[in-house]
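What follows is a short report on a single structure.
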Amino acid sequence: MQCLAFASRIHPQETNVRSLIQLLMRGSMAALVASNVACAQVPAANTKPNIVIVATGGTIAGAGATSANSATYQAAKVPVDKLIAGIPELNNVANVRGEQAFQIASESFTNEKLLQLGKRVSALVKDPGVDGVVITHGTDTLEETSFFLNLVVHTDKPIVVVGSMRPGTAMSADGMLNLYNAVVLAGAKSARGKGVLVAMNDDILTGRDAAKRTNIKTNAFASGWGALGMVVEGQAYWFRAPVKRHTMKSEFDIDTLTSLPEVVIVYGSGNMTPELYDAAVKSGAKAIINAGTGNGSVPNYLVDTLKRVRAGGVHVVRSSRIADGFVIRNSEQPDDQYDWVVAHDLNPQKAKILAALALTKSNSTAELQRMFWEY
Ligand code: GLU
């Protein structure tokens, strides 16, 4: 019956649906059972997952002057209902409704907006009528938001963050398929309990690891540890699973958070300016992420500055400006002796998110370091 209900809405040119209708016309229930391949591929209307798309703006809601404008356009223009209406195929895989949380380019995200979004997503996943949530987002800070949600929303329901590199008005726009894949993923039982996911360019990445690696190509997102899997033709395929603490097992809870402490990143290079660290302290930073060179290295002429920063009560977290790899504790610098933290494999912007959350729980270096190992 479920196949029948679906088949009546489908274009009869689809071969397996046409043969299914022929089977039904012959009235053979045995043949209908034998046609389970077709049934498996076409979800019935009454078993489709209920997915909410929370829109925040970005290029996926962008519009350019001409179809040749793949890189020059205005982000955050198209409202969520129009995005959904532009992809009728979504109705084949889910019952979808949209909410417009923000309409901004993601570089304009603030801690307040992160908290607001997190609280809304938390409320949605508590609703028994919601099976999964998709968040459309600008790609610039998608990696921060996906990691933040991964750390603070307590649910095993899929939460999928998605963006695009080209506006919908461009030739070969990538947003439609990315959003379709995100909805498929948010409705997939196999995505439950895997933490917040990122769906970009057919890949499934963890919200923890996914990072923007190029600012111009559609394969912009990657993780140094690889993708978890792929979405192809409406089906999620998995090859790995996350091992770090997230969502249900996280000690952070969006429902009790009201603000986040200031954390500042200082970018490492040759010929550094020590006064930048003092300025960060003066601005109210409770932790400084040192985006050091190589293995989170600190130049010899900066060691005293950073020791002084720590002695003044501000935490020093050694991260690296290198996209892949991880910082090893007490290698390069004696972190135990200086009371510094290492960011493990988190890039500076992800370390900033975790440091802010960690500081809402503890001011102890040992505790902060534990959290950097565990999350
Ligand atoms: N900078 C804009 C943003 O992050 C557009 C980039 C994009 O979404 O790809 O929202």
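Contact map, region 92-106: residues that are touching a residue at least 12 places away in the same chain (Cβ under 8 Å) and within 16 Å of the ligand (Cβ to nearest atom) paired with residues that are open to solvent by 30 Å² or more (accessible area, probe 1.4 Å) and in a strand (DSSP E or B), Cβ distance under 9 Å, separation 6+ or inter-chain. Pairs shown: 105/74.
Results for (1) more than 28 Å from residue 218 (Cβ to Cβ); (2) not small (Gly, Ala, Ser), shown as yes or no for each residue.
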site	(1), (2)
116	yes, yes
123	yes, no
134	no, yes
141	no, yes
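Only residues that are small (Gly, Ala, Ser) and within 16 Å of the ligand (Cβ to nearest atom) were counted in region 113-150, giving 2. Since residue 236 meets every condition but one in (1) within 20 Å of residue 58 (Cβ to Cβ); (2) in a strand (DSSP E or B), which condition does it not meet? The single condition residue 236 does not satisfy is (1).
Restricting attention to region 231-255 and to residues that are touching an Asp or Glu at 6+ places or on another chain (Cβ under 7 Å) and among the hydrophobic types (A, V, I, L, M, F, W, C), the residue that is surrounded by the most Cβ atoms within 10 Å (Cβ to Cβ) turns out to be 231. Annotation note: of 343, 358, 311, the sole residue that is among the small types (Gly, Ala, Ser), modelled with pLDDT of 95 or more and under 20 Å from residue 249 (Cβ atoms) is 358.
Within region 256-280, being open to solvent by 60 Å² or more (accessible area, probe 1.4 Å), part of a helix (DSSP H, G or I) and more than 19 Å from residue 362 (Cβ to Cβ) holds for 275, 276. Have a look at 129, 168, 195, 118 and point out the one that is in a loop (DSSP other than H, G, I, E, B), open to solvent by less than 40 Å² (accessible area, probe 1.4 Å) and closer than 27 Å to residue 215 by Cα. Residue meeting the stated conditions: 195.
Report yes if some residue within region 52-72 is of a type in the set (Ser, Thr, Tyr), within 12 Å of the ligand (Cβ to nearest atom) and buried (at least 21 other Cβ atoms within 10 Å of the Cβ); otherwise report no. Walk me through it before giving the result.
Going through region 52-72, the residues of a type in the set (Ser, Thr, Tyr) turn out to be 56, 59, 66-67, 70, 72.
With the extra rule that they be within 12 Å of the ligand (Cβ to nearest atom), the set shrinks to 56, 59, 70, 72.
Checking the rest, the ones that are also buried (at least 21 other Cβ atoms within 10 Å of the Cβ) come to 56, 59.
Checked region 52-72: at least one residue is of a type in the set (Ser, Thr, Tyr), within 12 Å of the ligand (Cβ to nearest atom) and buried (at least 21 other Cβ atoms within 10 Å of the Cβ).
Being under 25 Å from residue 330 (Cβ atoms) and open to solvent by less than 50 Å² (accessible area, probe 1.4 Å) is the requirement here; does residue 294 meet it? Outline the logic, then answer.
Values: under 25 Å from residue 330 (Cβ atoms): yes; open to solvent by less than 50 Å² (accessible area, probe 1.4 Å): yes.
Judged against the criteria, residue 294 is a match.
Filtering 262, 251, 233 for residues that are modelled with pLDDT of 95 or more and over 30 Å from residue 192 (Cα atoms) leaves a single hit, 262. Against the numbered list (1) farther than 29 Å from residue 130 by Cβ; (2) among the hydrophobic types (A, V, I, L, M, F, W, C); (3) modelled with pLDDT of 95 or more, residue 34 comes up short only at (3).
Inspect region 204-219 for any residue being open to solvent by 40 Å² or more (accessible area, probe 1.4 Å) and more than 16 Å from the ligand (Cβ to nearest atom) and give the result as yes or no. Checking region 204-219: not a single residue is open to solvent by 40 Å² or more (accessible area, probe 1.4 Å) and more than 16 Å from the ligand (Cβ to nearest atom).
Of note, residue 82 does not satisfy the criterion of being within 13 Å of the ligand (Cβ to nearest atom), in a helix (DSSP H, G or I) and open to solvent by 10 Å² or more (accessible area, probe 1.4 Å). Scan region 281-311 for residues that are in a helix (DSSP H, G or I) and closer than 19 Å to residue 362 by Cβ and the total you get is 3.
The values are calculated or read from the model by the stated rules, or taken from the named source; none is laboratory data. Bear in mind that the values here come from a model prediction, so they are computed numbers and not experimental data. All Cβ positions, even for glycine, are placed from backbone atoms using ideal geometry, and neighbour counts span all protein chains on display. These area figures cover heavy atoms from the full protein model, side chains too; ligands, DNA and RNA do not enter into them. Shrake-Rupley method; radii C 1.70, N 1.55, O 1.52, S 1.80 Å.
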